[in-house]
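The values are calculated or read from the model by the stated rules, or taken from the named source; none is laboratory data. Every value quoted in this text rests on a predicted model; they were computed, and no experiment measured them. Cβ placement follows ideal geometry from the backbone for every residue including glycine, while neighbour counts extend to all protein chains displayed. SASA here: full protein model, heavy atoms, side chains in, ligands and nucleic acids out. Shrake-Rupley method; radii C 1.70, N 1.55, O 1.52, S 1.80 Å.
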Amino acid sequence: MIPAAFEYLRPKTIPEAIGMLQQYGEDAKILSGGQSLIPMMKFRLARPGYLVDINRISGLTYIREEGGYLKIGGLTREADLEASPLIHAKYPILADTSRAIADPQIRNLATVAGNLAHGDPANDHPATMLALRAEIVAAGPRGERVIPIDEFFLSLFTTQLEHGEIVTEIRIPIPPRHSGGAYFKLERKVGDFATAAVAAQVTLDNAGACASAGIGLTNVGATPIRAAKAEAFLRGKIPDAGSVAEAAQLAASEAEPSSDLRGPEAYKRGLVKELARRAITHACERAGE
Ligand SMILES: Cc1cc2nc3c(=O)[nH]c(=O)nc-3n(C[C@H](O)[C@H](O)[C@H](O)COP(=O)(O)OP(=O)(O)OC[C@H]3O[C@@H](n4cnc5c(N)ncnc54)[C@H](O)[C@@H]3O)c2cc1C
């Protein structure tokens, strides 16, 4: 379908964009990659009167380590993550996640910030950002604020972002040595959203025990879910087959899936268990490399 009529605005700076969002109020929407918003407009699920296209704001596309964080700029595309040697070398969980999203054409446009701001529990980055304990930097009428990822997702398609706030950066604490992560997703066919997926990030101590763990679940609840019990269980344990299986079982118990076209509730819970087992196992292998 063709979207309803809208005014198209192209700010060149963040303050200009914030000003436009304030001027036109709730009738204005931020447009970045357009890979969620435009389909919603075509289905008339969204009918913004004003589109504030932030793509012409310079300086928002970057991936760099600085001040103890991996920093991902607000206009960084999925394809940028996929092509980044730094991401492949030190953050393979992010490469796993980007690769699992849609198809190359969509990944050329879709932004990581848009993936998070959309607040869709079926999106792939939210669980990974939970596992990595990321922070979201948002610029708005009252200045800049940093939102811990655990406070970011409020409910289905609803985040902490207030109207007029733009995600300008995603910050991920640089993991210590002997850290590794992995993202495992099951989709009905290539390019589909997850039936379920699990992100796991671990750090091992010198004895090979798990010093810390981050585990996020995709599309098994109204928001992405932190598997906090599984994380706590793993801490201090040698991640052998037995303890990983127990952690995976805990992660499955923390999922809140509902039955739908992608499968019944019990199937999805079983899927989380197996995907968690694989993700934690692979994360530990990478941590040991
Ligand atoms: C066929 C298809 C398959 C897909 N499959 C997957 C998949 O498997 N996994 C997955 O994770 N995603 C998938 N997606 C979604 C895709 O990754 C989206 O691009 C992403 O969810 C939104 O990013 P965007 O940059 O395109 O945002 P847009 O579509 O431009 O915006 C989405 C929402 O976020 C807001 N927004 C965007 N950027 C910002 C910002 N910087 N600050 C504040 N608010 C902002 C917008 O106002 C809008 O409400 C798919 C999309 C399509 C069309």
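Structural remarks
- Residues within the stretch 77-100 that are over 15 Å from GLY34 (Cβ atoms) and surrounded by 15 or more Cβ atoms within 10 Å (Cβ to Cβ), tallied: 16
- Single match in LEU234, LEU204 (criterion: away from the ligand (no atom under 16 Å from the Cβ), more than 27 Å from LEU156 (Cβ to Cβ), buried (at least 24 other Cβ atoms within 10 Å of the Cβ) and not hydroxyl-bearing (Ser, Thr, Tyr)): LEU234
- Filtered by the rule that a residue be touching a Ser or Thr at 6+ places or on another chain (Cβ under 8 Å) and either modelled with pLDDT under 95 or of a type in the set (A, V, I, L, M, F, W, C) (or both), the stretch 76-86 gives ALA79, LEU81.
- Filter result for the condition that a residue is assigned to a strand (DSSP E or B), hydrophobic (A, V, I, L, M, F, W, C) and buried (at least 24 other Cβ atoms within 10 Å of the Cβ), over LEU186, LEU217: LEU217
- ILE101 being of a type outside the set (Asp, Glu), modelled with pLDDT of 95 or more, within 8 Å of the ligand (Cβ to nearest atom) and not in a helix (DSSP H, G or I): yes
- The requirement of being more than 12 Å from the ligand (Cβ to nearest atom) and either assigned to a loop (DSSP other than H, G, I, E, B) or free of Cβ contacts under 8 Å to residues at least 24 places away in the same chain (or both) is satisfied by ALA95.
- Test: VAL198 is among the aliphatic types (A, V, I, L, M) and in a strand (DSSP E or B): yes
- If only residues of the stretch 252-281 that are in contact (Cβ under 8 Å) with a residue 60 or more places away in the chain and basic (Lys, Arg) are counted, the one that is nearest to TYR183 (Cα to Cα) is ARG278.
- Residues that are more than 24 Å from ASP150 (Cβ to Cβ), open to solvent by 50 Å² or more (accessible area, probe 1.4 Å) and among the small types (Gly, Ala, Ser) within the stretch 243-274 comprise SER259, ALA266, listed in sequence order.
- With respect to being more than 11 Å from the ligand (Cβ to nearest atom) and small (Gly, Ala, Ser), GLY73 falls outside the description.
- Number of positions in the stretch 104-118 that are part of a helix (DSSP H, G or I) and in contact with a Ser or Thr (Cβ under 9 Å, 6 or more places away or on another chain): 8
- Residues in the stretch 234-289 that are of a type in the set (Val, Ile, Thr) and outside any helix (DSSP H, G or I): ILE238 only.
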